[in-house]
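In what follows, a structure is listed as structure tokens, so that the remarks can point back to it.
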Amino acid sequence: MRVINTVQRYIRKPRKLIRTLGTKGYFNWMDDKTYLKLVYWGETKQKLNLDNPITFNEKVQWLKLYDRNMEYSKYADKYEVRKFVKDKIGEEYLIPLIGVYNSVDEIKWGDLPDKFVIKCTHGSGSNIICNNKSNLDINKSIDKINTWMKKNWYWFGREWSYKNIKPRIICEKYMVDESGVELKDYKIFCFDGKPQLIQVDFNRFVHHKRNIYTTEWEFVDASIRYPNDASVEIEKPSNLEKMLEFASKLSKNIPQVRIDFYSIKGNIYFGEMTFYHGSGFEEFEPHSLGREMGQWIKLNKVK
């Protein structure tokens, strides 16, 4: 009966079936274009239009297939991108690095500070945030990292920039903002070097919310995947203009990329560069936001 219920659940929700099989590698034999059409339908319930893409999601899929700038892999690599940021805006805007390792066996846990953040350089969401080492289950952390190190994030969403990144581990200084408990990041959507929209995530560990702002810090009553909360007044960062300047420099000549920054006591720190926000499967409310953001992506500039 349990097996039958599971089968029925997958039939009713093909998205879950496609996502599960795709994540486990059962579609790795499929060429990128065919696979993206399948997974796009599973995620959005819509047919993928690659001949005349209009929305943000459609154009992100197109960019996965046809914008294969070799530099993107360096920018997506959480260690290599530090060199790019240092050259473009300065080393002082990087979160202090504690160590870089080729395998988890190289990490000397006893030498790490009481608080730190460990990340795999070749993927997304592969983070261990430690704010008290005495409470950290090191064996469990090692198992997680070993699992992440074997994973190639390219395969599920065919996000090309991840495909050939060398798996490594970095350890960075633990940082929090004025809240004392989290680190709000300012995710700036840029299009050919022009910042257009800013996303701020908050309350991630309780009830994840996401507010959207213009570059003039006007609240946009819209949501991307997570709900917004107009009652939460997120103060305009005092260094917003500098963030936008840096985002413009880092995104120059790139059709679209998200540049993330943190602001801590007036100081700016670089977060990451993301080329395929939500892997191009995002839920926009209203839908017109997805179309508007799609207009900002100029595919005719892709070489």
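The values are calculated or read from the model by the stated rules, or taken from the named source; none is laboratory data. Bear in mind that the values here come from a model prediction, so they are computed numbers and not experimental data. Note that we place each Cβ from the backbone using ideal geometry, even for glycine, and neighbour counts take in every protein chain shown. For the accessible areas, the whole protein counts, side chains as well, though only heavy atoms, and no ligand, DNA or RNA atoms are used. Shrake-Rupley method; radii C 1.70, N 1.55, O 1.52, S 1.80 Å.
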When residues of segment 59-76 are limited to those that are assigned to a helix (DSSP H, G or I) and surrounded by fewer than 17 Cβ atoms within 10 Å (Cβ to Cβ), the one nearest to the chain's Cα centre (by Cα): K74
Given (1) open to solvent by less than 60 Å² (accessible area, probe 1.4 Å); (2) modelled with pLDDT of 95 or more; (3) out of contact with any helix residue (DSSP H, G or I) (no Cβ under 6 Å at 6 or more places or on another chain), where does L97 come up short, assuming only one miss? (1)
Just a yes or no: is a residue in segment 249-264 out of contact with any Ser or Thr (no Cβ under 9 Å at 6 or more places or on another chain), among the polar types (S, T, N, Q), assigned to a strand (DSSP E or B) and farther than 24 Å from V39 by Cβ? no
Check segment 247-262 and report whether any residue there is surrounded by fewer than 20 Cβ atoms within 10 Å (Cβ to Cβ), over 18 Å from the mean Cα position of the chain (by Cα) and without any contact (Cβ under 8 Å) to a residue 24 or more places away in the chain. no
So, K33, is that one open to solvent by 60 Å² or more (accessible area, probe 1.4 Å), at pLDDT 95 or above, touching an Asp or Glu at 6+ places or on another chain (Cβ under 6 Å) and part of a helix (DSSP H, G or I) or not? no
Search result, residues across segment 227-243 that are within 22 Å of the chain's Cα centre (by Cα), farther than 19 Å from D177 by Cβ and surrounded by fewer than 19 Cβ atoms within 10 Å (Cβ to Cβ): P227
Can you pull out the residues in segment 87-119 that are farther than 22 Å from V176 by Cα and not aliphatic (A, V, I, L, M)? D87, K88, Y101, N102, S103, D105, E106, K108, G110
Evaluation of I107 against (1) under 20 Å from K144 (Cβ atoms); (2) under 22 Å from the mean Cα position of the chain (by Cα) (one fails), failing number: (2)
Failed criterion for N127 (all others in (1) in contact with a Lys or Arg (Cβ under 7 Å, 6 or more places away or on another chain); (2) open to solvent by less than 30 Å² (accessible area, probe 1.4 Å); (3) closer than 19 Å to D185 by Cα hold): (2)
Among the residues of segment 265-303, how many are in a loop (DSSP other than H, G, I, E, B) and in contact with a strand residue (DSSP E or B) (Cβ under 8 Å, 6 or more places away or on another chain)? 6
Among the residues of segment 138-197, what is the count of those that are free of Cβ contacts under 8 Å to residues at least 24 places away in the same chain, exposed (fewer than 15 other Cβ atoms within 10 Å of the Cβ) and more than 30 Å from F219 (Cα to Cα)? 5
Suppose the filter is more than 20 Å from the chain's Cα centre (by Cα), closer than 19 Å to G280 by Cβ and not β-branched (V, I, T); does K45 pass it? yes
Take D201 and decide whether it is among the charged types (D, E, K, R) and either in a helix (DSSP H, G or I) or touching a Ser or Thr at 6+ places or on another chain (Cβ under 9 Å) (or both). no
Take Y276 and decide whether it is open to solvent by 20 Å² or more (accessible area, probe 1.4 Å), touching a helix residue (DSSP H, G or I) at 6+ places or on another chain (Cβ under 7 Å) and modelled with pLDDT of 95 or more. no
